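> Okay, handing you the structure first.
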Amino acid sequence: ATDGATAAGQPKIPFGAAVRDGPLQDDEAYRQALVQYCQLVVGEGGLKWVDLRPDRSSFDFHQPDRLLAFARQNGMKMRGHTLAWYAAMPEWTNAITSAAEAERELTTHIETVVGRYRGEIPSWDVVNEPLSDDSSASVGLRDSVWAAALGERYVDIALRTAHAVDPRAQLVINDYGLEAATEKARARRLSLLDLVRRLRDRGTPLDAVGFQAHLPGDLDIDTDGVSQLVADLKSMDIEVLVTELDVIDDTLPAEIIERDAIVARRVQDLLGAILSVTQPTAILTWGLTDRYTWVPIWYKRGDGKPNRPLPLTDTFEPKPMMQAIQAVTGG
Ligand code: G3I
């Protein structure tokens, strides 16, 4: 694998995938596929509070350390996911209610975690999914331990703390539901842009927005809407990356060739909408192979057939989705 450098013959946009800890340890074919296709990895778990923080006074780094070792052995870079999120929080954090306590816990966590990987993890999803999920036009702040205690200020605290610890790290706000041609996605795009504007006005450090891009297979990409958001972000010197690309194919046709073609087209449309404005700093899929994907947990197909949301089949064969990505990355 390479580090995505633009040296002759190397991908011009780094490509990577979310890595599942269990198979990383016991599936040799999976490890080989990661090395063959990826210049980047990110832990599907491991750097979430629920994995890292068994209790208020301890940190358990064994999973991210294992992934970082794998990345370094194979010339890959590792992204950090994620420092502040509403989900995957251990029970004990429900007791965090005052603003002072929330600020202390969030700051200590970020100082410890980003400090441990300073210079090793060059890009962090500092804040994951800050936008509420309600479909009202005015999309507000998602409820969380952090938002309840600190309001929007938790976003500034998280970003400022991460920047203070590792000034060279790319600081990312990562969210989903930004890509489809729906009123809800349009409202989310506008709300995310407003949040970024407020952060800029407050002088809070932020380098990029992560489009998770869990694409609904049955909905068109709002290519103009995505391009407009990317252009507006670029006008504020904010980069973009695709952080969790897969295609939710539960309602797509059963016929594999037709289904895979639709999946590839959704990916082409999204990447084309971004590239029409700028080059994403990275493209990562949320998993590499249909053998290990979160999608069927939430979007099981009614016909009982396996989902096919990712670039490789469950036997690690590249699909049209992988070709669509490689046409863009140069990989
Ligand atoms: O490791 C435990 C295991 O010990 C236990 O027996 C089992 C049953 O409870 O749970 C296992 O933990 C699960 C973990 O994945 C590891 O497999 C959690 O229950 C489960 O909630 C967790 O789901 C992850 C989810 O985020 C929540 O953290 C998914 O794998 C992961 O794909 C998903 O990823 C999210 C991104 O972080 C943010 N964007 C959306 C994306 C998809 O939901």
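> With the calculation restricted to Cα positions, what are the radius of gyration and Dmax of the chain in angstrom?
Values for the chain (Cα only, Rg and Dmax): 18.9, 55 Å.
> Towards the positive end of the charge dipole of the range 203-291, with charges on Cβ (+1 Lys, Arg; -1 Asp, Glu), say which of G203, T289, V263 has the farthest Cα.
So the residue furthest toward the plus end is G203.
> Gap in Å between the Cα centre of the range 173-205 and the Cα centre of the range 15-90?
26 Å
> Could you pull the Cα extents of the range 188-331 along its three principal axes, largest to smallest, in whole Å?
Reported extents, whole Å, longest axis first: 50, 31, 25.
> For the chain, calculate the relative contact order in percent as a whole number, restricting contacts to Cα pairs under 8 Å that are 6 or more residues apart.
With pairs under 8 Å counted, the relative contact order is 17 percent.
> If I take the Cα coordinates of the range 121-251 and project them onto the principal axes, what are the three extents in Å, biggest first?
44, 29, 27
> Rounded to the nearest percent, how much of the accessible area of the range 184-324 (1.4 Å probe, protein heavy atoms only) is carbon and sulfur?
On the range 184-324, the fraction of accessible area on carbon and sulfur atoms equals 51 percent.
> Now a separate question. In nm, to one decimal, how far is the modelled label at K234 from the one at S58, with both set 7 Å along Cα→Cβ?
Each label point lies 7 Å from its Cα, and together they span 4.9 nm.
> When N counts the residues of the range 12-103, how does its alpha-carbon radius of gyration compare numerically with 2.2 N^0.38 Å, as a ratio?
1.26
> Could I ask something else about it? Place a +1 charge on the Cβ of each Lys and Arg in the range 165-219 and a -1 charge on the Cβ of each Asp and Glu, then give the dipole magnitude about the Cα centre in debye, rounded to the nearest 20.
Here the range 165-219 has a charge dipole of around 240 debye.
> Related question: Just the number, please: carbon plus sulfur as a percent of the accessible area of the range 130-169, 1.4 Å probe, no ligands or DNA/RNA counted.
50 percent
> If you don't mind, there's one more thing I want to ask. Where only protein heavy atoms count, and the probe is 1.4 Å, what is the accessible area per residue for the chain in Å²?
40 Å²
> Output wanted: per-residue J couplings in Hz (rounded whole) for the range 142-150, from phi through Karplus 6.51 cos²θ - 1.76 cosθ + 1.60, θ = phi - 60°, x for Gly and Pro.
Listing the rounded values in order: 5, 5, 6, 3, 6, 5, 5, 8, 10 Hz.
> Rounded to the nearest 500 deg cm²/dmol, what is the calculated helix-only ellipticity per residue at 222 nm for the chain, with -39500 (n - 2.57) per DSSP H run of length n ≥ 4?
-12500 deg cm²/dmol
> Something else now. List the relative contact order of the range 40-198 as a percent without decimals, with contacts defined as Cα pairs under 8 Å and 6+ residues apart.
23 percent
The values are calculated or read from the model by the stated rules, or taken from the named source; none is laboratory data. Since we're looking at a predicted model, the values are computed, not measured. Using ideal geometry, Cβ is built from the backbone for each residue, glycine included, and neighbour counts are taken over all protein chains shown. Each accessible area value is taken on the protein alone, full model and side chains, heavy atoms only, with ligands, DNA and RNA left out. Shrake-Rupley method; radii C 1.70, N 1.55, O 1.52, S 1.80 Å.
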